[in-house]
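The values are calculated or read from the model by the stated rules, or taken from the named source; none is laboratory data. Because the structure is a prediction, the values reported are computed rather than measured. Every residue, glycine among them, receives a Cβ derived from its backbone with ideal geometry; neighbour counts consider all protein chains shown. All accessible areas refer to the heavy atoms of the entire protein, side chains included, with ligands and DNA or RNA removed. Shrake-Rupley method; radii C 1.70, N 1.55, O 1.52, S 1.80 Å.
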Amino acid sequence: VTWQPCGTGLPGGLRQSAIDRGAPHRMLAGTADAVYHSLDGGGQWSPAKGVAGQTLGFHFDQTTPKAHRTCFTATDRQIFCSKDGGISWNAIGRGLAELPIVAFAGASKDGKCRLYVWLDAPGDPGATVGRGAVFRSDDRGATWQTVAPMPVRAGFEQGFHALLATDIAPDTVYAIKPCYSADDTVWRSDNAGETWRSV
């Protein structure tokens, strides 16, 4: 209803933000080229170490201890993991092709952690579809497997893409595509990306 500015140390150009639902004092924020972390509910922010690129999303692995929370993020360049609540990060993603990353999501519950990433591989300019694909990791980013091609009509490869997932049901994931038709825009999977249907 009402809002007021809060926090110091966070620059402009915010692209993503996230709150650890199991430890709400821990927050992450991403800009076009950096990640920031807060351990006091957004009062003070500090730059994180080891992340490069425009942030596409965050996930706090709820199956890991609150005191040493594992976090994940993706930028347009790489997937990253933090074992210290977002203070420092290391690149992961072995098994992913060297393609642009356009969307990222994660979900975790009851010992299960699912990470989803959408890689973009545009087709020829005259082609009717691109060759983008969604990948999934079941081992916290150590290995990845293709779960679905996600064709997009030519001319829309640089448009808005999104992956959405929830800790309530880690096997449910939505993909939002840049498309001409509303019938082809939002797709849903309830089996961790193995099969999809338009919604």
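Every condition in (1) aliphatic (A, V, I, L, M); (2) modelled with pLDDT of 65 or more; (3) not in a strand (DSSP E or B) holds for ALA127 except the one numbered (2). Among the residues making up region 45-69, those that are touching a strand residue (DSSP E or B) at 6+ places or on another chain (Cβ under 9 Å), open to solvent by 10 Å² or more (accessible area, probe 1.4 Å) and part of a loop (DSSP other than H, G, I, E, B) are TRP45, ALA48, GLY50, VAL51, ALA52, GLN54, GLN62, THR63, THR64. Where strands (runs of 3 or more DSSP E) sit wholly within region 136-199, those with at least 3 residues that are surrounded by 15 or more Cβ atoms within 10 Å (Cβ to Cβ), at pLDDT 85 or above and not acidic (Asp, Glu) occupy 162-166, 169-176, 186-189.
Taking the conditions (1) in a loop (DSSP other than H, G, I, E, B); (2) more than 18 Å from ASP138 (Cβ to Cβ); (3) touching a strand residue (DSSP E or B) at 6+ places or on another chain (Cβ under 7 Å) in turn, ASP84 satisfies each one other than (3). Is there a residue in region 8-27 that is acidic (Asp, Glu) and modelled with pLDDT under 95? The answer is no; no qualifying residue exists. Considering only residues in region 31-44 that are farther than 15 Å from TRP89 by Cβ and either in contact with a Pro (Cβ under 8 Å, 6 or more places away or on another chain) or not small (Gly, Ala, Ser) (or both), the one that is least open to solvent (accessible area, probe 1.4 Å) turns out to be GLY41.
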